[in-house]
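The values are calculated or read from the model by the stated rules, or taken from the named source; none is laboratory data. Quick caveat, the model's predicted, so the values are computed rather than measured. When we count neighbours, we look across all protein chains shown, and the Cβ atoms used for this are built from the backbone with ideal geometry, even at glycine.
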Amino acid sequence: MGFGAVFLSTKRNRGILKRHSPSAAWRISHDKNKEYRGAAVSLQGLPVYPVVYNFIEDPTLPGTALVVTDPADLKPDREWVKFVAEKIDLPADGSRVQFPYRIEIPKDGEPGTHLISLVFRTLPPQIEGERTTVAVGTNVAANIFLKVSGATIDAITPQLRVGAFAKRDETLSPSEQAKNFVDKKLFFKPPVDFLVAIQNNGNTHQKPDGNIKIYNDLFGSTADQVSVNRDNKIILPGSTRTFLTDSFGHGFMFGKFRAKLTMIYGNPLRDVSDEVEFWIIPVVELLITLGVLLLLVIMLIIWRKIAKRRLEAKEKQKEDEMRKTLRQEIERSITKKKPQQKKPKEKKKPEPQKKPLQERGAPVTKPAKTQTTSSKKSVNVPPQSAAAPKGKPGAIPQKPNAAPKKPKQPPEQKPS
């Protein structure tokens with residue numbers, strides 16, 4: 001058996017149930033940070049009648065509790081809650097009022113989470129036979145997640161989606177915004193949006209908590225981390241809830257990324273994960289970068305060619321100077337080794353020979369030698385005959401035989 005109490009403020013109360021269809025059901029949001037459906041009302045000086053119902057998640061609007069008042073849809077667990085009083089008059093001064101109740105769980109109570117809604121209304125219920133109906137008036141509800149121990153099942157299945165919102169409206173619920181979500185695996189620029197859908201496959205309500213870690217597989221680093229369900233929202237048994245996260249990425253980003261979702265839930269705590277891969281390729285920035293790099297490469301090639309030509313010209317000039325210097329040194333060494341040769345004298349042209357007098361027909365006379373005072377004896381040379389000796393034509397005339405010369409005698413030595 002358990003005990004509890006509901007505190008009601010007589011001034012202003014939120015969480016007003018609003019009848020939305022002829023069927024016996026009301027909607028109420030059980031999110032703490034969201035505005036409840038319905039208008040705030042004042043209950044000062046009014047009588048309040050408590051009644052117990054069940055609630056489920058609205059299938060048309062996930063994240064919103066749907067209070068079921070139709071007896072055909074009610075469950076036996078609502079009979080476990082008993083109020084001490086069936087009516088209480090709220091004071092007119094606006095002070096808080098304690099409304100106690102007790103919970104009696106049978107031995108054969110089903111383990112798991114039981115969804116019970118405590119409704120406080122300003123009009124008494126109408127009894128028609130065994131059915132109890134609620135008159136339309138001012139109603140305030142408080143939802144209870146009653147967890148019965150035993151063979152409970154804690155199981156959730158997460159699904160991580162990566163993409164972008166075609167239209168993002170923060171005033172809409174996550175389930176409504178999910179209709180505008182477009183799955184993508186290739187992005188030309190950040191940001192990147194994530195959408196997490198978690199299905200509760202167990203029989204207990206869960207408040208999973210986790211994050212998404214984004215890794216850059218191209219550079220092998222952790223790029224960022226975003227939180228999931230930071231408000232500790234509840235996922236009812238057998239239902240699926242959608243969670244929005246912060247966007248990822250800004251500025252220039254490039255590479256292959258991997259997003260890993262890790263959620264922690266249950267008692268004892270356990271984790272479950274899911275991951276997706278995506279690419280960010282900034283085409284415009286890459287084209288500009290590649291264009292600049294290509295221009296730099298072309299300029300570098302041109303500069304290298306110009307520098308190479310200048311270097312080749314300098315090397316050729318240096319090589320020519322070395323050859324010239326080497327040639328001069330070789331010529332100098334050869335000049336030093338060889339003696340200077342005299343210039344050959346010019347040969348005189350031979351004078352034409354005169355014909356002998358015999359051929360011309362003139363007498364040839366030979367001048368007589370003068371006598372000298374030397375000890376040599378003078379010898380008379382007879383004159384040659386005027387007639388030239390006959391010989392062969394063209395023969396060179398020869399001189400007549402002269403008297404043989406006497407050998408020179410040594411000078412006489414005078415006696416001393």
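Can you give me the number of residues within segment 164-180 that are more than 27 Å from Asp271 (Cβ to Cβ), among the aliphatic types (A, V, I, L, M) and either touching a residue at least 40 places away in the same chain (Cβ under 8 Å) or surrounded by 15 or more Cβ atoms within 10 Å (Cβ to Cβ) (or both)?
Qualifying residue count, segment 164-180: 1.
What number goes with the only condition from (1) touching a Phe, Trp or Tyr at 6+ places or on another chain (Cβ under 8 Å); (2) on the phi < 0 side of the Ramachandran plot that Asn211 does not pass?
(1)
Do the conditions hold for Gly255, that is, is it surrounded by 11 or more Cβ atoms within 10 Å (Cβ to Cβ), modelled with pLDDT of 90 or more and small (Gly, Ala, Ser)?
The answer is yes for Gly255.
Quick one: which residue in Leu236, Leu218, Leu244 is within 30 Å of Ala65 (Cβ to Cβ), in the same structural domain as Arg168 (by TED's automatic domain parsing) and within 31 Å of the chain's Cα centre (by Cα)?
Leu244
I need the full set of residues from segment 85-101 which are surrounded by 15 or more Cβ atoms within 10 Å (Cβ to Cβ) and of a type in the set (A, V, I, L, M), in order please.
Ile88, Leu90, Val97 - these are the residues of segment 85-101 that are surrounded by 15 or more Cβ atoms within 10 Å (Cβ to Cβ) and of a type in the set (A, V, I, L, M).
Test of understanding: among Thr242, Thr222, Thr262, which residue is among the hydroxyl-bearing types (Ser, Thr, Tyr) and either assigned to a loop (DSSP other than H, G, I, E, B) or more than 30 Å from Val148 (Cβ to Cβ) (or both)?
Thr222
In segment 222-243, what count of residues is obtained for those that are in contact with a Phe, Trp or Tyr (Cβ under 8 Å, 6 or more places away or on another chain) and closer than 23 Å to Ala164 by Cβ?
The qualifying residues number 6.
Is it the case that some residue within segment 181-201 is surrounded by fewer than 14 Cβ atoms within 10 Å (Cβ to Cβ), farther than 30 Å from Ile103 by Cα and without any contact (Cβ under 8 Å) to a residue 40 or more places away in the chain?
yes
Confirm whether Phe252 is assigned to a loop (DSSP other than H, G, I, E, B) and either out of contact with any Ser or Thr (no Cβ under 7 Å at 6 or more places or on another chain) or basic (Lys, Arg) (or both).
For Phe252, the condition - assigned to a loop (DSSP other than H, G, I, E, B) and either out of contact with any Ser or Thr (no Cβ under 7 Å at 6 or more places or on another chain) or basic (Lys, Arg) (or both) - is met.
I'm told Glu104 meets every condition in (1) at pLDDT below 85; (2) surrounded by fewer than 19 Cβ atoms within 10 Å (Cβ to Cβ); (3) not assigned by TED's automatic domain parsing to the domain that holds Asn203 except one. Can you identify the failing condition by its number?
Evaluating Glu104 over (1) at pLDDT below 85; (2) surrounded by fewer than 19 Cβ atoms within 10 Å (Cβ to Cβ); (3) not assigned by TED's automatic domain parsing to the domain that holds Asn203 leaves (1) as the failure.
Filter the strands (runs of 3 or more DSSP E) completely within segment 136-210 down to those with at least 3 residues that are under 22 Å from Arg258 (Cβ atoms) and in contact with a Gly (Cβ under 9 Å, 6 or more places away or on another chain).
Fully inside segment 136-210 and qualifying: 181-183, 193-200.
From the residues in segment 116-131 that are touching a strand residue (DSSP E or B) at 6+ places or on another chain (Cβ under 6 Å) and aliphatic (A, V, I, L, M), which one is modelled with the highest pLDDT?
Among those residues, the one meeting the criterion is Ile116.
Given the conditions (1) buried (at least 18 other Cβ atoms within 10 Å of the Cβ); (2) at pLDDT 90 or above, which single one is not true for Val134?
With respect to (1) buried (at least 18 other Cβ atoms within 10 Å of the Cβ); (2) at pLDDT 90 or above, Val134 is out only on (2).
May I ask you to say which residue of Thr113, Thr64 is in contact with a Ser or Thr (Cβ under 8 Å, 6 or more places away or on another chain), modelled with pLDDT under 85 and among the hydroxyl-bearing types (Ser, Thr, Tyr)?
Every option except Thr64 fails the conditions.
Could you list, in sequence order, all residues of segment 275-288 that are surrounded by fewer than 18 Cβ atoms within 10 Å (Cβ to Cβ) and assigned to a strand (DSSP E or B)?
Glu275, Glu277, Trp279
Give me the pairs, please: first residue somewhere in segment 223-240 and touching a residue at least 24 places away in the same chain (Cβ under 8 Å), second residue anywhere and surrounded by fewer than 17 Cβ atoms within 10 Å (Cβ to Cβ) and among the small types (Gly, Ala, Ser), beta-carbon distance under 9 Å, and either six or more positions apart or on two chains.
Ala223/Gly255; Val226/Ser247
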